[in-house]
Amino acid sequence: MKFSFRIGVYLVLATAIAMLITIGGAYQLSVTEQVQQAGAEIRSQRILAKLDDLESAWEAVESATLSYVSSNAETALQQLREADARCRSGIAQLARFVAEDAEQQPRAAALDAAVVAMSELQRQGALLREKQGVAAAVVFISGGQYRKTEREFERLLETMRQHEHTLNGARHGIITSHMQQLGRLTLWSGLLTLALALFAAVAISRQREQRRQAEAHLREQERQYRLVTGSVPAMIGYVDRRHRLLLHNRVLEEWFDLPAERVANRHLAEIMGNDAYTAILPGIKRALRGKRVEYEGEAYARDGSKHVHAGTFIPDYDDAGQVSGFFALIIDITERKSAEEALRQSEERWKFALEGAGDGVWDRNIQTDEVLYSKRYKEMLGYTDEEFANRRDEWEQRIHPEDKARVMAELQAYLEGRSPAYSAEYRMRCKDRSWKWILTRGAVVSRDADGKPMRMIGTHADISARVQQQEEITRANERLDLALQGSRLAIWDADIAQGTIYLSEGWAEMLGESPHETFATGLTLFQTVHPEDREALYMLYLAALKGASPEYHVEHRVRTRSGEWKWILSHGQVVSRDAAGRALRMTGTNADISARKEIERMKNEFIAVVSHELRTPLSSIVGSLGLLVGMKDLGEESQTLIRVARGNSQRLVRLINDILDVEKLESDSLQIQLEPVDLGALLDTAIQANQGYADQFGVQLALEAVAEPAWVEANFDQLMQVMANLLSNAAKFSPHGARVEVRLERMNGAFRVSVIDPGPGIPEGFKPRVFDRFAQADSSTSRARGGTGLGLAICKMIIDKLGGKIDFASAPGQGSTFFFELPPKAQAARRNEHGALPT
Ligand code: ADP
């Protein structure tokens, strides 16, 4: 077994302390014993002194006895008593001193008994002197008894004295032996202390020397270590089991920006900070378990820059085969990493740029005609990697025969420097025998010393969809052109932000210009519009732009190149808006409706002329027939015929009046004179005026009006005409005895006038045509009741012109309600101010 120096020192120290304790204990015991012996000796001295005292007191008693017996003097008696008392008290004290000594105790008691006996003899002596005289008394006290007591007393004193002397002698022996023992102990402990001091001095100096040597060795090792590791561009360190950095190199100090003394022998957490330490802690633990650890991690330098570190921990074993620590080697691989990353990214970018977009790539060695086709290239044509060899003819043989010569010529032109770039579109045969349109672009990337091309790289894109789309667009455009030509429509497409308008060929044609596609600005176009039509067109255009109306249709005139006016039916609608809802594009059509307008004008003119021409003679016919009806001398048959003729000619007059009204309303020359009209008063008047007509059908007209005055901006006569039409229809179509109600109310911010009848109602199929001209649900009945089919058409034209709306609600067999609405006066005034047109 091998003790270390330290354990040896500990053992020696422990032994020395144990011995010192033992010596101390013995010393203590010995001193106590001596003190006890000294105490006992003092007691003996006091006993001996007391014995001497007693002896002298005894002698005083003897002489006082003799003196008293011989003299009988009072003084002698007194002396005797005092000597007696001294004796007794001396014995009592002695008895206390020897209380603990079993041998002396009875002797003290015997002394006391001797004194008592002596007193008795004294008394007997005194008595004898009185009776027989002094001599007898002296003989008595000199006698045997007296002497015996005397000797006994002296013997006892002597025995006690002897006893104490013997005890003292024994005590001296003990003390002497103790003194000798103590002397020996003192000697030993002195020697021991000396030995210890010597030992300690030797040990300390030996250890000092060892440490000095070790330190020198360590310094030398460290110097060598730092010399070696300082030149390595990596952090190197040695970490012990307690995570302390025992060795380190300069790079490590520089990384942590710490002086050597703040690094050496410090705990890793202290050097690198808690976070970084915690991050590598699992690695440290593994290394201390004897595992080699390799890791890559991010670390932040003192200046805050991010670095990537590759670390290796190599466990270190001591002589006993235990892990005593590990060597750490940490290399900064930031640059390598970022170079790798940059390369990877640029490769990825290229890969994405070339292949991510779906294009193939080719790379041709012009000398050997070996071509590397990318996977995507081959996939595009339906081939796997192995099915398509890396040769030039694999490409060439698949080019469409019709395109081949052109493609080869383009390639050749580029290679010979006759064209600046190589780009070709052609068809290629796929694996499934179908054709694909391909766009190839390529460039020479390396040339030899003579400038001859060595290597060419290019892309290969499938443009079949684009080509097909283009074909479709071309076809669609052809179809559209054909349709536009056939329909004589012109298309326009306005870019609102730019203010430009694209106009199709048809437009130039319409305006009598040479046919070409043209762009115009909104303003130049607007200037061709007839001044009277501009406002209406502009308002509708604005409403569509703002989204107030989805689209517009408007008829207006434009000036042709030759200065004439042409009627155009213009249609427009917004087709795209931005996120905020602002219109971006608006498109529409313009149709030339001049011919139709001309025909309409001629028709209207014809009707007007005919009506005017017919009205005068017809009026006279009606008048004459009226006169004839009144005549009494005509036969019954003639009367009937005349009434029929009168009825028919009256209908004709109404028809002609209605036609003329329509014509008048339609003609732009008619300007409605607006005036404030109180609808309540107007309805009163209308009912009075039409009650007579209603009476013919046995129908009662009744008014239900709102209490407030209902002022509108309108024209009294024309509203009277509307009411006459609505009331006459209600009366005509109601059963005999019915009641027709006229209602005036406020609704939707407007005044609504309704005419409600309990008649047959409007048949479902007829509803959409109620307001059309000459439209009648059942012409035979209507005609029998004197209708023309124009009344409601006229009503609608008037109400429209007044900016109101007219409509009806009806269910067959449940009567009809015809109503119109007009804005209240204030609103009407505002509307006119803005000049907005009714919608
Ligand atoms: P008409 O002069 O024929 O009455 P209108 O234009 O006034 O011409 O009416 C057109 C047609 O509408 C009428 O012929 C009739 O068929 C139908 N009509 C109009 N008002 C009513 C109503 N109140 N009840 C039933 N049908 C009606």
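If we scan the stretch 770-785, do we find a residue that is in a strand (DSSP E or B) and hydrophobic (A, V, I, L, M, F, W, C)?
no
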In the stretch 428-443, which residues are open to solvent by less than 90 Å² (accessible area, probe 1.4 Å) and within 17 Å of Gly458 (Cβ to Cβ)?
Met428, Lys436, Trp437, Ile438, Leu439, Thr440, Gly442, Ala443
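Being over 57 Å from the mean Cα position of the chain (by Cα) and of a type in the set (A, V, I, L, M, F, W, C): is that true of Leu415 here? Talk me through it step by step, then tell me what you get.
On the way: over 57 Å from the mean Cα position of the chain (by Cα): yes; of a type in the set (A, V, I, L, M, F, W, C): yes.
So Leu415 fits the description; yes.
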If Ala520 satisfies all but one of (1) out of contact with any helix residue (DSSP H, G or I) (no Cβ under 9 Å at 6 or more places or on another chain); (2) among the small types (Gly, Ala, Ser); (3) at pLDDT below 90, what's the number of the condition it fails?
(1)
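Could you check the stretch 650-733 for strands (runs of 3 or more DSSP E) lying wholly inside it with 1 or more residues that are within 21 Å of Gly759 (Cβ to Cβ) and either open to solvent by less than 70 Å² (accessible area, probe 1.4 Å) or within 16 Å of the ligand (Cβ to nearest atom) (or both)? Outline the logic, then answer.
Values: elements: 675-678, 700-704, 711-714.
Passing ranges, in order: 700-704.
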Any idea which residue in the stretch 750-763 is farthest from Gln700 (Cα to Cα), counting only those that are outside any strand (DSSP E or B) and open to solvent by less than 40 Å² (accessible area, probe 1.4 Å)?
Ile762
Considering only the stretch 803-823, state which residues are in contact with a strand residue (DSSP E or B) (Cβ under 9 Å, 6 or more places away or on another chain) and either within 12 Å of the ligand (Cβ to nearest atom) or at pLDDT below 90 (or both).
Gly803, Ile806, Phe808, Ala809, Ser810, Gly815, Ser816, Thr817, Phe818, Phe819
Taking interchain pairs and intrachain pairs at least six residues apart, which have beta carbon atoms under 7 angstrom, with the first residue in the stretch 460-481 and touching a residue at least 40 places away in the same chain (Cβ under 8 Å) and among the acidic types (Asp, Glu) and the second assigned to a strand (DSSP E or B) and open to solvent by less than 80 Å² (accessible area, probe 1.4 Å)?
Asp462/Lys436; Asp462/Ile438
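Among the listed residues Phe766, Phe751, identify the single one that is within 11 Å of the ligand (Cβ to nearest atom), at pLDDT below 95 and out of contact with any Phe, Trp or Tyr (no Cβ under 8 Å at 6 or more places or on another chain).
Values: Phe751 fails: within 11 Å of the ligand (Cβ to nearest atom).
It is Phe766.
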Complete set of residues in the stretch 431-466 that are within 19 Å of Ile399 (Cα to Cα), among the charged types (D, E, K, R) and assigned to a strand (DSSP E or B)
Lys436, Arg441, Asp462
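In the stretch 397-417, what residues are in a helix (DSSP H, G or I) and open to solvent by less than 20 Å² (accessible area, probe 1.4 Å)?
Here is the first cut: in the stretch 397-417, the ones in a helix (DSSP H, G or I) are 401-415.
Within the stretch 397-417, Asp403, Val407, Leu411, Ala413 meet the criteria.
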I'm trying to understand the selection: among the residues of the stretch 783-802, which are more than 10 Å from the ligand (Cβ to nearest atom) and either charged (D, E, K, R) or surrounded by 18 or more Cβ atoms within 10 Å (Cβ to Cβ) (or both)?
Met797, Ile798, Ile799, Asp800, Lys801, Leu802
Enumeration of residues in the stretch 231-261 that are open to solvent by less than 90 Å² (accessible area, probe 1.4 Å) and in a helix (DSSP H, G or I)
Val251, Leu252, Glu253, Trp255, Phe256, Ala260
Which number in (1) outside any helix (DSSP H, G or I); (2) touching a residue at least 60 places away in the same chain (Cβ under 8 Å) marks the one condition that Glu100 misses?
(2)
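Being within 27 Å of Gly815 (Cα to Cα), at pLDDT below 90 and within 16 Å of the ligand (Cβ to nearest atom): is that true of Arg739 here? Working first, answer last.
Values: within 27 Å of Gly815 (Cα to Cα): yes; at pLDDT below 90: no; within 16 Å of the ligand (Cβ to nearest atom): yes.
No; evaluated as a whole, the condition is false for this residue.
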In the stretch 628-637, is there at least one residue being among the hydrophobic types (A, V, I, L, M, F, W, C) and in a helix (DSSP H, G or I)?
yes
How about the stretch 51-92: which of its residues are open to solvent by 40 Å² or more (accessible area, probe 1.4 Å), within 20 Å of Arg107 (Cα to Cα) and not hydrophobic (A, V, I, L, M, F, W, C)?
Asp52, Asp53, Glu55, Ser56, Glu59, Arg86, Arg88, Ser89
Within the stretch 319-341, identify whether any single residue is open to solvent by 30 Å² or more (accessible area, probe 1.4 Å), of a type in the set (S, T, N, Q) and in a strand (DSSP E or B), and answer yes or no.
yes
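The values are calculated or read from the model by the stated rules, or taken from the named source; none is laboratory data. Since this is a predicted model, take the numbers as computed values, not measurements. Glycine gets a Cβ as well: all are built from the backbone with ideal geometry, and neighbour counts include every protein chain shown. Keep in mind that these areas ignore ligands, DNA and RNA; they rest on the heavy atoms of the full protein, side chains included. Shrake-Rupley method; radii C 1.70, N 1.55, O 1.52, S 1.80 Å.
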